[in-house]
1. Counting residues that are modelled with pLDDT under 75, which helices (runs of 4 or more DSSP H) fully inside the stretch 6-87 reach at least 1?
2. Test each condition in (1) over 19 Å from the mean Cα position of the chain (by Cα); (2) farther than 30 Å from residue 44 by Cα for residue 144 and report the one that comes out false.
3. Does residue 157 meet the test of being at negative phi, buried (at least 16 other Cβ atoms within 10 Å of the Cβ) and in a helix (DSSP H, G or I)?
4. Is there any pair linking a residue in the stretch 198-216 that is buried (at least 19 other Cβ atoms within 10 Å of the Cβ) to one that is not in a helix (DSSP H, G or I), with Cβ under 9 Å and at least six apart or on different chains, and which?
5. Considering only residues of the stretch 160-197 that are in a helix (DSSP H, G or I), in contact (Cβ under 8 Å) with a residue 12 or more places away in the chain and more than 17 Å from the chain's Cα centre (by Cα), which is nearest to residue 48 (Cα to Cα)?
6. Restricting attention to the stretch 110-146, report how many residues are outside any helix (DSSP H, G or I) and surrounded by fewer than 19 Cβ atoms within 10 Å (Cβ to Cβ).
7. Filter the stretch 46-88 down to residues that are within 14 Å of residue 202 (Cα to Cα) and under 17 Å from the mean Cα position of the chain (by Cα), then give me how many there are.
8. So is residue 150 touching a helix residue (DSSP H, G or I) at 6+ places or on another chain (Cβ under 9 Å) and crowded, with 17+ Cβ neighbours inside 10 Å or not?
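The values are calculated or read from the model by the stated rules, or taken from the named source; none is laboratory data. Keep in mind that what you see is a predicted model, and the values were worked out from it rather than measured. We place every Cβ from the backbone using ideal geometry, glycine too, and count neighbours over all the protein chains shown.
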């Protein structure tokens, strides 16, 4: 094609190059459009959507508490320079955990690591939500947990999808994690705004909002525990291995 056609001929559609009649536009009904949208959530394994739900349950309170914590630390008295440095140290800790957590998923199973992420987040950040002295709150902030969530998330979707589903599944895993975090942050925006305009001080408003997320942490821990237990009890093999058998 490149050697044969020049100039404006590059912009010709295929039907014109073939001297064919222009095809009629294909009309897509609303039901067909809805089916196409819902199709991205269809997987051959029953575990795929349950794993995505577990990630969502962990990601919502993470967005609400963890991703707003730097601003809270500024409210309780730390300056912006310190919180910026704190974020840098937290990122370094996360990078170190990224380097090893994949091996842990291989050894212990990604469903177990997903449970660990829920338990670690739920325990540490529920303690954080009680209202710790500032220096103890800082220590909790730099503890790395996030790679447990993301790596186990991707590993579970790789395990419970076929080769044809895998790219979509891993993309959905990242999407669900970010959607959950966005829901948590959005909830924080509205709830904190309501509490502060209602007369609460900034510190009290943050602590009330953070404590309201403790039941969400508990729900995430319970769900991921039951999910890990059911997957382990089923002796579920990777989906590709099942299909080859």
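1. Numbers: elements: 14-17, 30-39, 47-65, 69-75.
Answer list for the stretch 6-87: 14-17, 30-39.
2. Against the list (1) over 19 Å from the mean Cα position of the chain (by Cα); (2) farther than 30 Å from residue 44 by Cα, residue 144 comes up short only on (1).
3. Working: at negative phi: yes; buried (at least 16 other Cβ atoms within 10 Å of the Cβ): yes; in a helix (DSSP H, G or I): yes.
Criteria met by residue 157.
4. 205/198; 206/76
5. Only one residue fits best here, namely 165.
6. Pass one, the stretch 110-146, residues outside any helix (DSSP H, G or I): 132-133, 142-145.
Right, trim to surrounded by fewer than 19 Cβ atoms within 10 Å (Cβ to Cβ) and you get 132-133, 142-144.
Summing the residues that are outside any helix (DSSP H, G or I) and surrounded by fewer than 19 Cβ atoms within 10 Å (Cβ to Cβ) in the stretch 110-146 gives 5.
7. Looking only at that region, the number is 1.
8. Working: touching a helix residue (DSSP H, G or I) at 6+ places or on another chain (Cβ under 9 Å): yes; crowded, with 17+ Cβ neighbours inside 10 Å: yes.
So residue 150 fits the description; yes.
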